[in-house]
Each structure stands twice: as structure tokens, then as C-alpha cells.
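Following: one structure in C-alpha cells, then a few remarks.
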Amino acid sequence: MGTAGWRCRAILATAILAAVAVGVLHFVPRAADSEATATSQPTKSASYLRLPIMFEPNQGQTAEPVKFLARGAGYGLFLTETEAVLVLRDASKGDRSLRESVVRMKLAKANKNPELSGDEQLPGKSNYFLGNDPAKWHRGIPQFGRVRYENVYPGVDLVYYGKQGSLEYDFAIAPGSDPNQIKLHFEGADSLTIAENGDLQLNLPTSSLRLLAPRVYQKFGTEEKSVAAKFQLLADNQVGFALGDFDHTRELVIDPVLTYSTYLGGSGIESCSTITGLTQTPGCPGIAADTSYNAYVAGSTTSTNFPVISGSFQLTPATGFKANVFVSKFNASGTALIYSTYLGGDGLDYTGGIAVDLAGNAYVTGTTTSTNFPTKGLNAPFQATPVTIGKHAFLSVLNGAGSGLNYSTYLSGNGTDIAAGIALDPSANVYIVGTTTSKEVETGFPSTVGAYQITSNAPTQVFLTKLDSASAGPASVLYSTYFGGSAPSGASIMAGGIAVDTDSNAYITGSTNFTNLPVLNAYQGTPLGGFDAFVAKFNPTAVSGSQLVYSTYLGGPRDDFGYGIAVDASFFAYVTGATSSDDDFGISQTTGTTYFQPVYGGGASDAFIAKLGVTCTGTSCVNTTVPLSYFTYVGGSGTDVGTAITVDTIGGPRITGWTNSTTGFMVVNNRLPQTGYGGGASDAFITRVDTT
């Protein structure tokens, strides 16, 4: 199986992200592929499509002569005094120069100096924090639901507005004024055609831009009376309106709707991305929820027009960036973005996970190559700059409004430091797990005095770090340790996930082919072949050198990977991942125990759920062999990978992941909307198992 699982972690969050990334403007298919486009239209973006387009006045966050701008996934709209510039992106092409289309819409022979103003001010503000130089930050920029141009022609106003599904612009024609003055001129289209249904189609290099057949009406009290109307093609790429009879003593409204089709949210935009040097894939989207059921999504984007929102910390990517982190907060119903922000510097910034505390502060970890990653917050960072230029872990804490940083720091040594997971304890202390190649005593990954393992044993090791983001500087790192083996030569270890119990013990999982991984009170004291998953429990507050409560291999004779871990109120650990060990995972099933799926399903790998631990607290588990109380495969005929796990209050783990099994994947409770494989390269899945 190799590293397939690392490439597809957090698939459920990826699906949520896809809803964010794709649902920006209404898709209109090209005639040749209309059927394919229609069937692939994501329905999950419906809530996002209800969000209004937000226009910002240009206060230095973009170039002159732009007066107002709006951004979304796959598009950017820039309004000047004389034209609207729409930038569309096709994410299916790797070269940015090949995947952008720029369309300019001007009004022919119009007023060159109309008065522009924002209407319907929205409640939030926009903030741009670019890099770590406050002089380049822009704060408190208002946002508006509409932008009005007054007197573009005598007696004619133009208003832009819309939702994320469509951009509308109204021509409001005063009584007695001439609508025939209005002539649209387009630049950037290969050709203009009028479809049979009356839509105006602009054929672009990477996409199809349409203006729906115009809706024209007049108001009579509370009622609207439609006026017959259609587009007219004129000379020099100009377009006018042919109108039927109307009442010249009343205001006339011409309301075209601008739509387009293009590929969005694909390769290289918002997705997992491999960082060279370690066999693991940061950057996959993560998700968390607060006590009010607001959802927080964090991921990585290479897009310059990811949808951002008022009040957010950083509304454009940093200059020269390769990829920036994004953090987006949705309300509980999913009908509104509360904030959405970039977070990053001039390099590659990838996510490793997100968590939220009781106050709604968002804790984001990941990996960055940026030398100017923002590290200025309310509290001084542990490391304001990295030890060396390279790939290093970071932790950033956004305040509840998403408008600023409470804390932000590098976690770096002299090698490559990759953050893989994050969790919070009841006091909102932060626990981060990851993998590091930093190993020198003075410049290695930061370890604390008295930690379980203060130096590296091999070229790659796992790290576990506990921080208090309410403290400043060195005092903010409460505990940090290496964890790993040393043999055989060339062996490696990869971090998977992390969980924290109510006693502030940390549980980590991952994968290793070390033959001498430190084991203690182990269910499985030796590896059985290939890569084995591992599970380790730490008590960071224990006395010097004794913080490891238990550590065990978990696997069979073939490759086994631990990707996610959770812990219940009784301190049982639940692990998911992927296994190609088809002989009961090296486990003899317990007589009398009913397993969801006791037999390997087939294909390259199955997902699995393993439950281990004993009911104990603090140090009472010392010298106690940790039993495996439950194990099941979850898989069918193809490749199945469990990527994340959580557990409810009655011992019911829920896992998510991906599968391409067309048969054999057990689907139960078929009230759900999808009871079979959907097709394509893979489907996401969610499974709950009663382990009691």
C-alpha cells in the first residue's frame, strides 16, 4: 500500500472543503459536456451558495485603480471606475498562466468618472495581515453587499450584488431615460454567441462565461410587470438590449445574471500536498466544532482568491506565497461564514490539524517553509523565527472573532519538522504530535528538561509537545519529547494522530518499521513485519523520565498504519488506519465477542478499528499490560483507509476515510442517501461501530 493513506487523510473534511471551494459561482456547462457537468454538480455547496458576495473598498489591499473588489474560490472581481474585471481560474491545469481567464466588461461611451459607493454595509470588517511586518497590515476594512455606480449614462445607475452562486448587476433606468444608451463591451473572450435560450455566451480559453437572458421589469406598487427583452450582438464585441413595450413614465430595471463554468477546487488548489523529505502528507483539511456547533475548517490553498470574509485575520495570501493555510468558521446551520482567513507567509504553509476551545479560539498547527510566518500575537512566541531555513512546524491561535492572533510560534530544529495532529486538554493546553529529522543537541527539535526522551535516536523520530498559549516565550512550552527507535538502519517512524483525556494524558498513534520502538506495558511488544501501527500514552506531568504510561505495536505481518486516535471517558483508546494484514491482523479473536467484520475484505488494504486500554487514571496503569478489547476490519473488495476517528459517550467510535471498494463494503441502516459505491477514484465513508 505504501503511502496511499497519507495522501488521503481527513477525507470527510476534504468533502466539506470541496463544498466550500466549489460552490462559488453558478456553473453553466459547455454544450459539449453539459450532461457530465450536471451530474457532477456538488449538492453539498448549497449552504455556501446562499452567502452574499462581499465587496470591499480598496484601502491598499490590492492595486490601483481598483475601487472595490470581491473574492471567491475560482474567481476574483475587481471594479474600477470604467470596467469590471473578472478573473476566472481553471484548477485542472497546473501552470497558472494556462488556467486563468480574464474578462473585462466595459460600458461603451459611458461616463468615465461615475461616483462609486458601497451599499448595504455588512456587519464585519476585513483585516489583511501579510507576513510578520505590521506595517504591511490593513485593518478594519468595511464590507458591503452592493456597489452602486451613479449616472453611468444620463439617468442610468448600475448596481453590482449577488450571492456566491451568481453575480447580478442591475441597470436602474430613471423615467424618461433611454435604455438604448447601454452597450456592453467585452475583452478577453474568443467569441460571443447567443444561445437558443437567449443566454449570451462568452467563449474563454479555460471556461465558459454566460450572461443569462436578461430579466427586465417595472414595478407597479408591490407587483412586478415583466418586459420582453433579449440580447443584441453589435459591432466591435458590443452587446445591447432589445426591449419590448414598457411604460416610459416608470423606472425600468434590466437585471442580467452573470454565470460561468470552470474546474474549481482541483489539483494544486485546496488539497493534501506532499512535503518532500518525509513519507507523510500534511495540508489535508481538518475540522473542529465548538460548543455552539459552529464548524471550523482548516486546510491549505494555493489559490489567490479563496473566499475570505469580514473581520478575518488575513484576507489575501502573503506576497510570493507557494501555499497558505486557510481557516473558515461556519455557523451551526452552515448558512453563513462567520470568518474566513488566510494564514501564512512567503513559502509553503500546510495544515496538520485544528482544535477549538470553549471560548471559540481556534488552534491551528501545520508545517511551513515561510521565513516570515506571522508570529506576532497577544503573547510572545516560543520561537519568533525558525532555527534554520526549511520545513518546520507551527502553532497559531486565532481569537474567537478570527480577527487576530492570540499566539503564534514556530516549533523548529535544524532538520525537517512536520506537525501531524493537535488536541486540547480541559485547561486549553495544546498538544501537538509530528515527525522530525532535527537531532543535534543544541539545535535539535526543542525538548524539555526531564522529558521522556530528550535527544533523537535516529534520523526520524516522533515528537510530542505540550504548550500553554496563554504564556509567553520559553514558558509557553510546558513539555516536549522525542519518541522513536534506533534500529534497523534506515528505519523510520511517522506520526498519525493525537488525543487527550480528561486527566490531560496524551495518546498518539502512527506507523513505524523500527524493530526497537520503546515499548512499555505493551499489548504487542514486538513488530510482526513491514510497517506496524503503534499506540503510546504519555502523562506529561509525571516525574522526570517516567511520562510514558504504555507503548505498544499494533499490527500484523504486512503493512499497518495508524492514522487517527480518540479516547473515551474511561480512558480506552480507539485507533483507525489501514492494514494489508489479511490474517486477523495477527490477532486471535476472543471467543464470545461479536465483531463487526472479523474477516479481511480484500484489496490493497482495509480500514480498521482497534480499542485498547484499561479503566485507570494517573499512574495506576503502570506495570499493567494494556489489553486489546476490540478489533474489526472495515472494508470490501478494493482499498479502504480509515483516516480519522471520534468516540461517543457510550463507546461508539465513528470513523471516516475513503474507499474504492465496489463490492463487499458493508452498508447498514440504508435510510442514508447513498447505499452503494458512487463511482470515480474513491468515495468517502463514515462508519459507527458499537464496541460494547
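The values are calculated or read from the model by the stated rules, or taken from the named source; none is laboratory data. Because the structure is predicted, anything quoted here is derived from the model rather than measured. We place every Cβ from the backbone using ideal geometry, glycine too, and count neighbours over all the protein chains shown. Heads up: the accessible areas ignore ligands, DNA and RNA and are worked out on the full protein's heavy atoms, side chains in. Shrake-Rupley method; radii C 1.70, N 1.55, O 1.52, S 1.80 Å.
Scanning the stretch 544-587 for residues that are without any contact (Cβ under 8 Å) to a residue 40 or more places away in the chain and out of contact with any strand residue (DSSP E or B) (no Cβ under 9 Å at 6 or more places or on another chain), we see that the one that is least open to solvent (accessible area, probe 1.4 Å) is P557. Looking across the stretch 406-422, the residues that are within 28 Å of Y128 (Cα to Cα) and open to solvent by less than 10 Å² (accessible area, probe 1.4 Å) come down to Y407, S408, T409, Y410, L411, S412, D417, I418, A419, A420, G421. Using the structure shown, decide if S40 is farther than 30 Å from V156 by Cβ, at pLDDT below 75 and open to solvent by 40 Å² or more (accessible area, probe 1.4 Å). Against the criterion (farther than 30 Å from V156 by Cβ, at pLDDT below 75 and open to solvent by 40 Å² or more (accessible area, probe 1.4 Å)), S40 qualifies.
If you go through the stretch 507-524 one residue at a time, how many are open to solvent by 20 Å² or more (accessible area, probe 1.4 Å) and hydrophobic (A, V, I, L, M, F, W, C)? Residues that pass the stated criteria total 3.
Taken over the stretch 213-232, the criterion of being exposed (fewer than 12 other Cβ atoms within 10 Å of the Cβ), outside any strand (DSSP E or B) and in contact (Cβ under 8 Å) with a residue 12 or more places away in the chain is satisfied by A228 alone. Within the stretch 426-450, the set of residues being farther than 22 Å from T385 by Cβ and open to solvent by 10 Å² or more (accessible area, probe 1.4 Å) comprises P426, S427, A428, N429, V449, G450. Within the stretch 415-460, being closer than 24 Å to T541 by Cα, among the aliphatic types (A, V, I, L, M), touching a strand residue (DSSP E or B) at 6+ places or on another chain (Cβ under 9 Å) and part of a loop (DSSP other than H, G, I, E, B) holds for A428, A451, I454. Here F514 fulfils each of the conditions (1) in a loop (DSSP other than H, G, I, E, B); (2) at pLDDT 90 or above; (3) closer than 28 Å to T692 by Cβ apart from (3).
A298 meets the stated requirement of being surrounded by 20 or more Cβ atoms within 10 Å (Cβ to Cβ), closer than 23 Å to Y410 by Cβ, modelled with pLDDT of 80 or more and of a type in the set (A, V, I, L, M).
For the stretch 340-382, a tally of residues being free of Cβ contacts under 8 Å to residues at least 40 places away in the same chain and open to solvent by 10 Å² or more (accessible area, probe 1.4 Å) returns 3. A235 satisfies every condition listed in (1) out of contact with any strand residue (DSSP E or B) (no Cβ under 9 Å at 6 or more places or on another chain); (2) open to solvent by less than 10 Å² (accessible area, probe 1.4 Å) except (2). Within the stretch 458-491, the set of residues being touching a Gly at 6+ places or on another chain (Cβ under 9 Å) and open to solvent by 30 Å² or more (accessible area, probe 1.4 Å) comprises just one member, P459. Contact annotation: residue pairs with Cβ atoms under 7 Å, 6 or more positions apart or on different chains, pairing a residue in the stretch 107-122 that is farther than 30 Å from I338 by Cα with a partner that is aromatic (F, W, Y) and surrounded by 13 or more Cβ atoms within 10 Å (Cβ to Cβ), are A110/Y153; N111/Y153; P114/Y149. When residues in the stretch 385-405 are screened for being in contact (Cβ under 8 Å) with a residue 40 or more places away in the chain and in a loop (DSSP other than H, G, I, E, B), 8 of them pass. Looking across the stretch 461-490, the residues that are farther than 19 Å from Y550 by Cα and either under 29 Å from the mean Cα position of the chain (by Cα) or not in a loop (DSSP other than H, G, I, E, B) (or both) come down to L467, D468, S469, A470, S471, A472, G473, P474, A475, S476, V477, L478. Against the list (1) in a loop (DSSP other than H, G, I, E, B); (2) at pLDDT 90 or above; (3) closer than 20 Å to V159 by Cα, the condition V253 fails is (1).
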